[in-house]
Amino acid sequence: MVEFKNIAYKTVLVAGVLLSLLTAASLFYDSGLWFLQVLNFPRLEILIALAVCLAFVLALKKWDSVGNKLFIATVLVAAAVQAYILFPYAFFAPRAVPEADNSYRDQPADVSIMVANVLMTNRKTKEILEITKETSPDILVVLEPDSWWMEALSVLHGEYPYRVAYPASNTYGMGLYSKLPLLQHKIYFLNHDSVPCIVATVRLQDGRPFRLMALHPVAPVPSGHPTNVGSVDEKSLKLAGNMLANDSLPTVLAGDFNDVGWSHNLTEFEKRSQMKDTRRGRGLYNTYNANWWVFRWPLDYVYVSRQWKVTEVERLDDFGSDHFPFLVKLVLD
């Protein structure tokens, strides 16, 4: 038993040191190295693991030596760093986008937006169609649709008469389905010639217009579709931020950003665009990976300009994809 405790203790020491080193490496947030950028993702998991290491050492009352005291201090600092970065997404943190006041509560939202990454290889359509019918969003942003998915979603055409479609077989297809009129729309290619971005002017029921951008940047990991091995800087969010910052209309950005809200890329986007994350101050609402509960992160987002307020934020049920759908209801102040 004593030998087992010693082995476990040494294992915890090694784990605590490695987790602390990963925490330190994650602070090199402006690096173009994909493996450093990826360290932004599992901050909650690392924080929990650090807490377990600390609790184990304290339970054994191993704080007598200088080495153990140094270990405890190091783990505490690493945990504090992770907690500090994650704090804005706690449900008790200040909300970046204000909650709509009670006068809106008994009224329909001005616009409800659902983001759904269908996973191109997924062939389960019944579930997402049922979720769409049940929630009935005004706008549905679909990521990763190929031609097969576009045909499967054609049953929505009657309910969503305003549409923009760009099917693709590289996992970066995109579809925009709207009950609200699209006054104009255009497909842009911000950083890759096979990765679209949809920009549309939408008219609310009361006649007021707003700008909507649907975006799906390339993931910060080596990928074959499109080729992305770290040699091409992913500038989509930077360019989107510049475009939306100069817009005279209220703006909404929605999509699968392949990044977490506390990353350098999204922090810089917020500064450029002056838009805010509807999730911040309400919870993580992890939307990926729907198939693996241990490692889940918030990758699907709705960002809004200062004119908007939130009535509801919700992660919806699993539908066979590796992403959960994400629903946000907004009112224009």
The whole-number value in µm²/s of the Stokes-Einstein translational diffusion coefficient for the stretch 2-89, with Rh from the Kirkwood sum over alpha carbon pairs at 20 °C and 1.002 mPa s, is 157
Taking Cα atoms only, helix 126-135 is inclined relative to the longest principal axis of the chain by an angle, in degrees rounded to 10, of 80
Computed over the chain: longest principal axis from alpha-carbon atoms vs helix 236-245 long axis, angle to nearest 10 degrees, is 60
For the chain, the dipole about the Cα centre with charges only on Cβ (Lys and Arg +1, Asp and Glu -1), to the nearest 20 debye, works out at 720
Ranked by GNM mean-square fluctuation in the chain (Cα springs under 10 Å), the top entry among LEU54, LEU182, LEU86 is LEU54
Per-residue ellipticity at 222 nm attributable to helices in the chain (runs of n ≥ 4 DSSP H, -39500 (n - 2.57) apiece, nearest 500 deg cm²/dmol) works out to -10000 deg cm²/dmol
From the cross-link list LYS133/LYS276; LYS276/LYS329; LYS235/LYS329; LYS179/LYS235, the entries with a Cα-Cα span beyond 26 Å are LYS133/LYS276; LYS235/LYS329; LYS179/LYS235
Relative contact order of the stretch 2-89 (C-alpha contacts under 8 Å, at least 6 apart) in percent is 37
Out of ASN258, ASN68, ASN122, a Gaussian network model of the chain with alpha-carbon springs under 10 Å gives the largest mean-square fluctuation to ASN68
Packing-ranked peptide list from 108-114, 171-177, highest mean Cβ count within 10 angstrom first, is 171-177, 108-114
Taking every DSSP bridge whose two residues both lie in the stretch 102-332, the antiparallel percent to the nearest 5 is 80
Taking only the Cα positions of the chain, the convex hull volume per residue in Å³ is 156
Length-normalised contact order of the chain, Cα under 8 Å, at least 6 apart, in percent, tallies to 19
Under the Karplus relation with 6.51, -1.76 and 1.60 and θ = phi - 60°, whole-Hz ³J(HN,Hα) for the stretch 254-271, x at Gly and Pro, equal 9, x, 9, 8, 6, 7, 9, x, 8, 6, 4, 4, 6, 5, 5, 4, 4, 5
Most fluctuating of LYS276, LYS133, LYS309 in the GNM of the chain (C-alpha, under 10 Å) is LYS133
Taking TYR285, TYR303 and counting other beta carbon atoms within 10 angstrom, the fewest-first order is TYR285, TYR303
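Taken together, the values in this text are just the output of simple stated rules run on the coordinates, not laboratory data. These numbers come from a predicted model, not from an experiment. Cβ atoms come from the backbone with ideal geometry, glycine included; neighbour counts cover every protein chain shown.
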